[in-house]
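The values are calculated or read from the model by the stated rules, or taken from the named source; none is laboratory data. Source: prediction; values computed, not measured. No Cβ is skipped: glycine too gets one built from the backbone with ideal geometry, and neighbour counts run over all protein chains shown. Keep in mind that these areas ignore ligands, DNA and RNA; they rest on the heavy atoms of the full protein, side chains included. Shrake-Rupley method; radii C 1.70, N 1.55, O 1.52, S 1.80 Å.
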Amino acid sequence: MTSFFRAEVDAMTGYIPGEQPKPGSKIIKLNSNENPYPPSPKVKEVLQNFDWEWLRRYPNASATDFRNAISEVLNVPADWIIVGNGSDEVLNLIIRACTDSHRKVVYPMPTYILYRTLVEMQAAQKVEIDYPSDYKLPIEELVKVDGAVTIIATPNSPSGHIVPLENLRELATRLSGILVIDEAYVDFGNGDALSLVKEFNNVISIRTLSKGYSLAGIRLGFAIANPNLLQGLYKVKDSHNIDAIACAVGAAAIRDQDYKNYCVKKVKISRDKLSSDLKKLSFKVWDSHTNCLLVEPPQGNAEYLYLRLKEQGIWIRYFNQEGLEDKLRITVGTDEENKVLIEALGELIECN
């Protein structure tokens, strides 16, 4: 049968997101790095008092209210900000605007696998550099490729590690193309890379409200960069990509830093406790600056544990890809959810 699609689309696998349970299912869901706590109460106030007249009209094309809120909180000019339908859309804009079949996109692996999907969609040249076992950034290999776009996730998923600022600065200095610093998990780490955005005109920092702000369901992210760099992204952005409700909700959430920091602190405490409990079960656990843990079971039976846990209604993430076949990624849940997980793992390990 003749295909209706481009050869590149036929050849690609496509991104497979974390599985979602049916409404009402009693699932302990630790597979998508969602925040276990609800959004700011101020988000609820916005929804309850939202002026429905705004649903009749097209939303502001630049999400101005949300951009102004970001500007206030992060102390960056509003014209240095572009808003996307999740940080995924911002990544897509960068790949779409800056690459083609003659330009390279490079990133270290393992990392967010959507990067691969976006590059394949664009039919750009994909260069994946393996992280060493200690997850030290392979600077020389990345510089040698000198891609049109180089993407570094920090903190990184699934490994949880953070890339030192001096490594990112060296990359920005030595690359001729754009350095994309994906800071989706920045709220769970220590420090950020915003200073590099102000220092270099080829650096762009990407953020999301899905993780630290508990708003994965609203699909809202943004990027910060020199306005000259953002200019090209605006050319390929959908005209009204952010709806009015998301814009209002996002502004309220990002302004409530006290609540966000309170929830993040709870996640960090739970992360440390979960890490300790897993180590007591003889799991190898990588240090994490995200809201998830990369772990290796003592018996190397990652897929088995993933499947047996799923049968019990406990969902975690198993990546059947090179370098991760014997590992699992576990989202940090509430203390109650983490306790159920540890008890189930203990029984499975003892029986196997």
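Is one or more of the residues making up the range 166-184 free of Cβ contacts under 8 Å to residues at least 24 places away in the same chain and farther than 17 Å from GLY323 by Cβ? Lay out the reasoning, then the answer.
Let us first name the residues in the range 166-184 that are free of Cβ contacts under 8 Å to residues at least 24 places away in the same chain, namely 166.
So of that shortlist, the ones also farther than 17 Å from GLY323 by Cβ come out as 166.
Within the range 166-184, one or more residues are free of Cβ contacts under 8 Å to residues at least 24 places away in the same chain and farther than 17 Å from GLY323 by Cβ.
Return the residues of the range 227-277 that are buried (at least 17 other Cβ atoms within 10 Å of the Cβ), over 30 Å from TRP54 (Cβ atoms) and more than 19 Å from the chain's Cα centre (by Cα); say none if nothing qualifies.
LEU229, SER270, LEU274, SER275, ASP277, listed by residue number.
Yes/no matrix, rows are residues, columns are (1) of a type in the set (A, V, I, L, M, F, W, C); (2) under 21 Å from the mean Cα position of the chain (by Cα):
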| position | (1), (2) |
| --- | --- |
| THR64 | no, no |
| ILE81 | yes, yes |
| GLU89 | no, yes |
| CYS98 | yes, yes |
| ILE113 | yes, yes |
| ILE129 | yes, yes |
| SER133 | no, no |
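Residues being part of a loop (DSSP other than H, G, I, E, B) and either open to solvent by 30 Å² or more (accessible area, probe 1.4 Å) or farther than 26 Å from GLY191 by Cα (or both): count how many of those fall in the range 110-134.
Counting residues in the range 110-134 that are part of a loop (DSSP other than H, G, I, E, B) and either open to solvent by 30 Å² or more (accessible area, probe 1.4 Å) or farther than 26 Å from GLY191 by Cα (or both) gives 7.
Please enumerate the residues belonging to the range 84-109 that are over 16 Å from GLY232 (Cβ atoms) and open to solvent by less than 40 Å² (accessible area, probe 1.4 Å). It would help to see each step written out before you state the result.
Within the range 84-109, the subset over 16 Å from GLY232 (Cβ atoms) is 85-88, 101-102, 104, 106-109.
Residues satisfying the conditions are GLY86, SER87, VAL106, TYR107, PRO108, MET109.
For the range 150-165, state whether one or more residues are in contact with a helix residue (DSSP H, G or I) (Cβ under 9 Å, 6 or more places away or on another chain), more than 24 Å from ASP272 (Cβ to Cβ) and open to solvent by 20 Å² or more (accessible area, probe 1.4 Å).
no
Tell me the residue from ARG174, ARG169, ARG219 that is at positive phi and open to solvent by 20 Å² or more (accessible area, probe 1.4 Å), please.
Details: ARG174 fails: at positive phi; ARG169 fails: at positive phi.
On inspection, the qualifying residue turns out to be ARG219.
Considering only residues that are touching a Cys at 6+ places or on another chain (Cβ under 8 Å) and either under 21 Å from ASN201 (Cβ atoms) or in a helix (DSSP H, G or I) (or both), which ones fall in the range 135-162? Let's see the steps before the verdict.
We begin by selecting, within the range 135-162, every residue touching a Cys at 6+ places or on another chain (Cβ under 8 Å); these are 148-149, 157-158, 160.
Within the range 135-162, ALA148, VAL149 qualify.
Please pick out the residue among ALA61, ALA69, ALA11 that is touching a His at 6+ places or on another chain (Cβ under 6 Å) and either of a type outside the set (Val, Ile, Thr) or at pLDDT 90 or above (or both).
Working: ALA69 fails: touching a His at 6+ places or on another chain (Cβ under 6 Å); ALA11 fails: touching a His at 6+ places or on another chain (Cβ under 6 Å).
It is ALA61.
Can you give me the number of residues within the range 116-165 that are under 26 Å from LEU328 (Cα atoms), touching a residue at least 60 places away in the same chain (Cβ under 8 Å) and in contact with a Ser or Thr (Cβ under 6 Å, 6 or more places away or on another chain)?
Summing the residues that are under 26 Å from LEU328 (Cα atoms), touching a residue at least 60 places away in the same chain (Cβ under 8 Å) and in contact with a Ser or Thr (Cβ under 6 Å, 6 or more places away or on another chain) in the range 116-165 gives 6.
Find all pairs meeting these conditions: Cβ atoms under 8 angstrom apart; at least six residues apart or on different chains; first residue within the range 286-315 and closer than 20 Å to GLY18 by Cα; second residue open to solvent by 50 Å² or more (accessible area, probe 1.4 Å) and among the hydroxyl-bearing types (Ser, Thr, Tyr).
Taking only residues 6 or more apart or on different chains, the pairs are GLY313/SER25.
When you scan the range 285-300, how many residues do you find that are of a type in the set (S, T, N, Q), under 22 Å from the mean Cα position of the chain (by Cα) and open to solvent by 10 Å² or more (accessible area, probe 1.4 Å)?
Our first condition is that a residue be of a type in the set (S, T, N, Q); within the range 285-300, this holds for 288, 290-291, 299.
Now narrow it down to the ones that are under 22 Å from the mean Cα position of the chain (by Cα): 288, 290-291.
Right, trim to open to solvent by 10 Å² or more (accessible area, probe 1.4 Å) and you get 288.
Result for the range 285-300: 1.
Yes/no matrix, rows are residues, columns are (1) polar (S, T, N, Q); (2) surrounded by fewer than 22 Cβ atoms within 10 Å (Cβ to Cβ); (3) within 22 Å of the chain's Cα centre (by Cα):
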residue	(1), (2), (3)
ALA302	no, yes, no
ARG308	no, yes, no
GLN312	yes, yes, no
GLN321	yes, yes, yes
ILE330	no, no, yes
THR334	yes, yes, yes
ILE342	no, yes, no
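For residues that are farther than 22 Å from GLY212 by Cα, touching a residue at least 24 places away in the same chain (Cβ under 8 Å) and not in a loop (DSSP other than H, G, I, E, B), tally how many sit in the range 1-48.
Final tally of qualifying residues: 3.
Could you check ALA172 against (1) within 20 Å of VAL90 (Cβ to Cβ); (2) touching an Asp or Glu at 6+ places or on another chain (Cβ under 8 Å); (3) in a loop (DSSP other than H, G, I, E, B) and say which number it fails?
In the conditions (1) within 20 Å of VAL90 (Cβ to Cβ); (2) touching an Asp or Glu at 6+ places or on another chain (Cβ under 8 Å); (3) in a loop (DSSP other than H, G, I, E, B), ALA172 misses (3) alone.
Which ones in the range 41-75 are aromatic (Phe, Trp, Tyr) and surrounded by 15 or more Cβ atoms within 10 Å (Cβ to Cβ)?
Narrowing the range 41-75 to residues aromatic (Phe, Trp, Tyr): 50, 52, 54, 58, 66.
Of everything in the range 41-75, those that are aromatic (Phe, Trp, Tyr) and surrounded by 15 or more Cβ atoms within 10 Å (Cβ to Cβ) turn out to be TRP54, PHE66.
Would you please name the residue that is farthest from the chain's Cα centre (by Cα), looking only at residues in the range 183-199 that are open to solvent by 10 Å² or more (accessible area, probe 1.4 Å) and within 17 Å of VAL90 (Cα to Cα)?
LEU194
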